Amino acid sequence: MSVDFEIALFGTCVLRSTQTPRTEVTGAKHRALFALLVTAPLGRRTRSYLQETLWGLADYESGHQNLRRALSDLRKLIGTGFDDILNVTTTEIEIDMTRIRVMGHPSDGPFLADLNVKEAEFVAWRDAIRDEPSAVAALCHLSQSRGPRRVQPRVCALPLAVLPGSPPDLAIAADWIAEEACRMMSRSSLISVISHLSGREMSQQFIDVKGVRDTLGVDYLLTGSMRPQGDDWIADIDFIDTRTGALLWNRNLCCPKDRFAEHVMDWLVNVVQTAGRSIAESALQMGRQTPLPQLPDHKLLIAGATAMHHPTLRDFLRARQFLDEAVARAPYSAQVHAWLGKWYVLSIIKNYTTDRASDTQRALDCTARSLDLDPQYSFGLTIDGFVNGNILKNLDVAEARYTAAQDINPNESMSWLLRGSLMAFRDEGKSAIRATETARRLSPIDPFGYYFDSLASSAHLAAEDYEQALVLANKSLASNDRHISTLRTRIAALHALDRGSEAQDTARDLQRRFPEFSLSEYRNTHPSSENKTGKLVIKALSSAGIT
């Protein structure tokens, strides 16, 4: 659907058509009418509100006639497209925002600077927005197209450059590194990866960061070079922010040519993990410093996913703001609804919720919306399984969701991870370990490794491998020491290993961080509380002093 009109809200209020011939609307109240509609919730206001705001409260009939006249004027100016843009009924007027482009930024000048509309209601509305920085900022996201939004950052890996005359096997290895990096990164649900073939095509040209950004629409670029040095091969990779041209980091590999295959995979996993962390943390850092409406679309989702897995409550709550904004901008994205659903589940699991039933329903609403938009979306199915399995204890429903997700996308790492957790709930320890190990292999880039370590720890606890459960719990807690599930698992592993004093120390730490937690809560809400592993956890918590 094409954009028919554009309006600037800051500085001079310009309202004009985008079609040829370009019609410009100059009347102050005609432009004010559009401004009131494009800033309205759902683009809709009642006729009485518009009359009173633009023509005053004193004479209803006069205001009624003035609004009718203004609409008639606009119909003449806009022509046959009027009814496509404005839906006018006897009670309200609605604007089709898919046909409107809102331009401008507060740096262009005051909100509606040149509209000399003196009615008290209009002045009060305008000044309230000017006086409240967050209200002004909230309008900024309107300046981006209301069409489909790109909610994921885009990454491209170019084949590494080799010097002319280099051995053919060196060029093959340089191309393979980029291809494998693309394959690894594409497994993440948080980024969009440009195909290796497109990257290979770009690599045939002189590499210009701006040219790659403009041609492929990428935000980040993996590029570099490869060269022989004696019996060694040396590879250098740069990770670049294409918006600024800044080099975010560099990785170097030097190894004997005949042992290249032994070294390259671990090195490449490190490269891809570092790329994922860099994208995630830079998005979160920008989100902490930038008003929400001014954040680019592709920063919101990954900032939200990253922040919800950070240890502080402040970041967790900020994650909800990022995701709410992402939903507001991309309401038809199955992805953002699924991630918001995950936030609600974690708010319960982390013991942050103040209304378990309400947050459970919100999580279900989010996953239902996600699957309404895309019934074949594997991550949406996975999070719906997460709600059913971990919160509602509908383990059969959860298993069906994970199976469906894996049938659609066998590389859905979160589905494998949560399936492993489900198996641990059922005391199927060996199967749980296999599933969580598969998840870890499939997810070299997601920026919340602590969560994978935590659920893998639970899998080993269910398999009665207490030493490894403790190793993984400690590793997880080193990254995020506020995850209640990991603390419980650590207490249980220490108890099983007869390390009671350490279990008591961890229990005190848990109670300090989550003073509302109790054994009765665990018994009533945890899916495994009636099974062998759950009973071990209950005994361990009780022995460690939790009542």
TODO: Please give the number of the condition Arg75 fails out of (1) in contact with a helix residue (DSSP H, G or I) (Cβ under 6 Å, 6 or more places away or on another chain); (2) among the basic types (Lys, Arg); (3) touching a residue at least 24 places away in the same chain (Cβ under 8 Å); (4) over 19 Å from Ala124 (Cα atoms).
DONE: (3)
Open item on the list: For the stretch 507-528, which positions are under 32 Å from the mean Cα position of the chain (by Cα) and hydroxyl-bearing (Ser, Thr, Tyr)?
Closed with: Tyr522, Thr525, Ser528
Open item on the list: Contact list please: Cβ distance under 6 Å, first residue in the stretch 111-126 and open to solvent by 40 Å² or more (accessible area, probe 1.4 Å), second residue modelled with pLDDT of 90 or more and assigned to a helix (DSSP H, G or I), pairs at least six apart or on different chains.
Closed with: Asn116/Ala28; Glu121/Glu52; Glu121/Thr53
Task: Failed criterion for Met97 (all others in (1) open to solvent by 40 Å² or more (accessible area, probe 1.4 Å); (2) farther than 20 Å from Ala28 by Cα; (3) at pLDDT below 85 hold) - done: (1)
Open item on the list: Every residue in the stretch 1-42 that is assigned to a helix (DSSP H, G or I) and surrounded by fewer than 19 Cβ atoms within 10 Å (Cβ to Cβ), please.
Closed with: Ala28, His30, Pro41, Leu42
- [ ] Among the residues of the stretch 278-304, count how many are within 13 Å of the chain's Cα centre (by Cα), of a type in the set (A, V, I, L, M) and surrounded by fewer than 24 Cβ atoms within 10 Å (Cβ to Cβ).
- [x] 2
TODO: Go through the stretch 137-186 and give me each residue that's modelled with pLDDT of 90 or more, surrounded by fewer than 16 Cβ atoms within 10 Å (Cβ to Cβ) and in contact with a strand residue (DSSP E or B) (Cβ under 7 Å, 6 or more places away or on another chain).
DONE: none
Open item on the list: Out of everything in the stretch 305-320 that is of a type in the set (A, V, I, L, M) and open to solvent by 30 Å² or more (accessible area, probe 1.4 Å), what residue ends up being modelled with the lowest pLDDT?
Closed with: Leu313
Open item on the list: Which count do you get for residues in the stretch 228-251 that are within 18 Å of Glu179 (Cα to Cα) and open to solvent by 50 Å² or more (accessible area, probe 1.4 Å)?
Closed with: 1
Task: One residue from Arg512, Arg482, Arg499, Arg488 being basic (Lys, Arg) and farther than 23 Å from Ala307 by Cα - done: Arg499
Task: Failed condition for Leu268, given (1) over 21 Å from Tyr220 (Cα atoms); (2) open to solvent by less than 70 Å² (accessible area, probe 1.4 Å) - done: (1)
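The values are calculated or read from the model by the stated rules, or taken from the named source; none is laboratory data. Everything numeric here is computed off the predicted structure, so don't read it as measured data. Neighbour counts run over all protein chains shown; Cβ positions are idealised from the backbone, glycine included. In case anyone asks, the SASA skips ligands and DNA or RNA and just uses the protein heavy atoms, side chains included. Shrake-Rupley method; radii C 1.70, N 1.55, O 1.52, S 1.80 Å.
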